[in-house]
Structures are given as structure tokens and as C-alpha cells.
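What follows is one structure encoded as C-alpha cells, with my remarks underneath.
The values are calculated or read from the model by the stated rules, or taken from the named source; none is laboratory data. These numbers come from a predicted model, not from an experiment. Here the Cβ positions follow ideal geometry from the backbone for every residue, glycine too, while neighbour counts run over all protein chains shown. These accessible areas exclude ligands, DNA and RNA; they are computed on the full protein's heavy atoms, side chains included. Shrake-Rupley method; radii C 1.70, N 1.55, O 1.52, S 1.80 Å.
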Amino acid sequence: MRIKSKHVRRLRNTWRIYRRNKIGMFGLAILLTFLFIAVLAPWIAPYNPYDVRSIGAGKPFSPPSWVKLLNPNLDNDEVFGLLGTDELGRDLWSQIVYGAQTSLIIGFSAAFIALVIGLLVGITAGYFGGAIDEILMRATDIMLILPGLPLVIVLAAILGPRFENLIMVIGITGWASIARIIRSQVLSLKERTFIEAAVATGASDAHILTHYIIPNVMPLVYVNGALQVANAILIEAGLSFLGLGDPSHISWGMILFFANQYQALSLLAWWYVVPPGLCILLVVLSFIFIGHALDEVLNPRLRPRR
């Protein structure tokens, strides 16, 4: 019970510090909004974009219904829905809602893979040192030297435009910088007095890693995790826009791809381009704001004096 109450107090204290950060709370509010939309997509979206019956729900490239407020001369059959329609007459609001599911799943999944690999490599290299450190860091250097976006594009093109492949490609190409940061922290921790005391008392490597090393590097993992999710969402949008996304899964990047394919901007169909682009921008900003706030929460030296 004491251990449980200790963790509860720690969580309450962390939340108390976090909620003071206005930028962090703003980012959290944005993220929770999109998570709410993604989870409740079947109830929020008026049409299922994966159902062929949604094709032709409205006229192709129909503007949003609220545009009538700006142009009363438009007839009811010339406008459609909250965000208009695409080239097939499908409801764009429904695509945006379901696209939130795909973009967030890819972002969180790819970030998780990158964090796990980076954490394992960084801790192993920093703690054991020697030849192991040399081999792992040379592999990390190779990953850092290779140009990131071209590497992702090549791997995605080779593996094929599948949902699972996108997650794997983004995940296995994003761990190198995390491994470097974790290794540096582990090297610093090894010189601390409490680690030397644990070694002197005969504690095993497994005990030191699980009780001292990993708990002390997790704050870095949390901060970099938030930024990694934002990066993964941006990469997925870029790959989908280039035609390397999975066409069977609607994402915000895939919507932009089809908007470009059918020259939406040339037809002045701005409602086909602006909403998915704005969604990507807001979600990425939310994770950046959350990462900034977590950095302040987990690093007392960054907190403003009160």
C-alpha cells in the first residue's frame, strides 16, 4: 500500500506541475480532441469512407454547406456536408474523421518501435561499454549519417505500400538519435554514487538496470516519445502524399495525395486540401507542446521560479 500511495502522490505532483504549463495543456487539449474523434469515428462520421455506398453521396468537388453563408446564390444541391466532397462525391468530413485513426495509430506504433530499439541500444551500449558499445555506436552512426527521408522512401517503395510496412519503416529508421541520447544519460548515471554503491554491494547487472538505470532514463524516453510521434505522423503524411501510403487505409496524407492527383487546387477546391493539412499541423504541434511541457516537468532546472 505504501508503494502504491507513493506512486499516486508522484503522479499527482507531476500532474500539478504539468497543468501549470499553458502550452502543455493546450497541446494536451488538442491531442485529446483528435483522440476523441478517432475513437468515436463510427458515430461522428455521417458516412463510412470504406463503404462503396459512400461514393456519390454528393456531387464531385461540392463545397461545404456553410459556404452558402458567404454565397447565398448557391443551391442546396451544389453544396454538401461540413467539409464538402472529393472527386467521387464522397464526404470529406468522414474521411478526415477516419483519417485521424490511421494517422494516430501509425504515429504511436512507429514511435513505440523507435523508442524500444533506441532504449535497448542506448542502455546496452552505455552500460556494458567496450566492444559492445563500439559496435552498437558504429551502427548508430551509420543510421545517423544516412539521409532519413530518402532512406524511408526507398524502404517503403521496396516493401510495398502496406499499413504495417509504413509502421515498420518509420519505426526502424527513427531510433538512432534516441539511442545516442539514452547512451549519454547512462554513461552519466554510471558515475553516480548510488550506482557505485550498488556495484560495491554486489548487486547484479539486471538489478542495477531495472532499479537504477531504466527508471532514471525514462524521463528522456517520455519527452523523446512525444516528439517521435509527431515526426512519425509527418513522415507518414509525406510518404502518403508521394504515393507510398496504403490506399486501403484513409489517412490525412492519403487525402492530400488524391487532392493533388485530381488537381483540387487548380479547381479552387480548397476544402480538399486545407482541412487535412490543418489536422496534420495541429496534431504535430500538440505533441511538440506536450514534449516541451514534459521536459519542464521532468527537469526541475527548466521550471520557472515562483
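What accessible area per residue comes out for the chain, rounded to a whole number of Å², with a 1.4 Å probe? Please report the intermediate quantities before stating the final value.
On the way: 16610 Å² over 306 residues.
Spelled out: the 1.4 Å probe surface of the chain, per residue, equals 54 Å².
Ordering GLU296, GLU78 by accessible area with a probe of 1.4 Å, largest first, what comes out?
Values: GLU296 30, GLU78 75 Å².
The ordering from most to least exposed comes out as GLU78, GLU296.
Would you check the accessible area of HIS292, probe 1.4 Å, heavy atoms only, in square angstrom rounded to 10?
The value for HIS292 is about 100 Å².
At a temperature of 37 °C and a viscosity of 0.692 mPa s, determine how fast the chain diffuses translationally according to Stokes-Einstein, using the Kirkwood radius over alpha-carbon pairs as Rh; express D in µm²/s, rounded to the nearest whole number.
On the way: Rh = 21.9 Å.
Translational D for this selection: 150 µm²/s.
Given the options VAL223, VAL186, VAL274, state which has the largest fluctuation in a GNM of the chain using a 10 Å cut-off (strictly under) for Cα springs.
The residue that fluctuates most here is VAL274.
Assuming R0 = 51 Å, can you tell me the calculated FRET efficiency for the pair GLU196 and LEU242, based on Cβ-Cβ distance, to the nearest 0.05? If you can, show how the numbers build up before the last one.
Numbers: r = 52 Å, r/R0 = 1.01.
It comes to 0.50.
Can you give me the span-like helices of the chain, meaning DSSP H runs with 15 Å or more of Cα extent along the axis and Kyte-Doolittle mean at or above 0.5?
Details: long enough: 2-18 (24 Å, -1.39); 22-39 (25 Å, 2.30); 92-128 (53 Å, 1.61); 130-145 (22 Å, 1.06); 148-159 (17 Å, 2.85); 176-190 (21 Å, 0.67); 214-241 (39 Å, 1.21); 274-298 (36 Å, 1.92).
Within the chain the helices that satisfy the rule are 22-39, 92-128, 130-145, 148-159, 176-190, 214-241, 274-298.
Run the helix sum for the chain: -39,500 (n - 2.57) per DSSP H stretch of 4+ residues, divided by residue count, reported at 222 nm to the nearest 500 deg cm²/dmol. Don't jump to the answer; show the numbers that get you there.
Numbers: 13 runs with 204 residues, N = 306.
Result for the chain, helices only: -22000 deg cm²/dmol.
Find out how many positive minus negative residues lie around MET168, taking Lys and Arg as positive, Asp and Glu as negative, among other residues whose Cβ is under 13 Å from that of MET168.
Working: positive: ARG162; negative: GLU164, GLU236, ASP246.
Here the charged neighbours net out to -2.
Hey, in the GNM for the chain with a 10 angstrom Cα cutoff, which one of ALA131, ALA269, ALA226 fluctuates hardest?
Among ALA131, ALA269, ALA226, the largest mean-square fluctuation in the Gaussian network model of the chain belongs to ALA131.
Give the aspartates and glutamates whose C-alpha is closer than 14 Å to that of LYS59, dropping any in the same chain fewer than 8 places away, or say none.
Of all the aspartates and glutamates, those that pass the test against LYS59 - Cα under 14 Å, at least 8 places apart if same chain - are ASP75, ASP77, GLU78, ASP86, GLU87, ASP91.
At a Förster distance of 51 Å, what's the computed FRET efficiency of ARG16 paired with TRP43, Cβ-Cβ distance as r, to 0.05? Display every interim value, and only then the final one.
Numbers: r = 34 Å, r/R0 = 0.67.
Working from the Cβ atoms, E equals 0.90.
Note the full-extension length gain between ASN71 and PHE108 as 0.36 nm times their separation in residues minus their Cα-Cα distance, in nm to one decimal. Kindly include the intermediate steps, with their values, before the conclusion.
On the way: separation 37, 0.36 × 37 = 13.32 nm, distance 4.14 nm.
Gain on stretching ASN71 to PHE108: 9.2 nm.
How big is the shadow of the Cα convex hull of segment 28-171, averaged over all directions, in nm²? Mind dumping the intermediate values first?
Numbers: hull surface 50.6 nm².
So the Cα hull casts an average projection of 12.7 nm².
Counting only protein chains, not ligands or nucleic acids, how are LEU220, LEU268 ordered by accessible area (probe 1.4 Å), most first? Write out the running numbers ahead of the final one.
Details: LEU220 55, LEU268 130 Å².
I get LEU268, LEU220, largest accessible area first.
For the chain, with all protein chains present and a 1.4 Å probe, just round the carbon and sulfur fraction of the accessible area to a whole percent.
Values: 10980 of 16610 Å².
About 66 percent, which is the carbon plus sulfur part of the accessible surface.
Which one of ILE214, ILE167, ILE235 has the biggest mean-square fluctuation once the chain is modelled by GNM with Cα springs under 10 Å?
Checking each option, the largest mean-square fluctuation is seen for ILE214.
So how do TYR98, TYR47, TYR272, TYR262 rank on accessible area, 1.4 Å probe, biggest first, that is with the largest at the start?
Numbers: TYR98 25, TYR47 80, TYR272 0, TYR262 115 Å².
Heavy-atom accessible area, descending, gives TYR262, TYR47, TYR98, TYR272.
Quick check for me: using +1 on Lys/Arg Cβ and -1 on Asp/Glu Cβ, what's the dipole size of the chain about its Cα centre, in debye to the nearest 20?
Values: 24 positive and 18 negative charges, 388 e Å.
The dipole magnitude comes to about 1860 debye.
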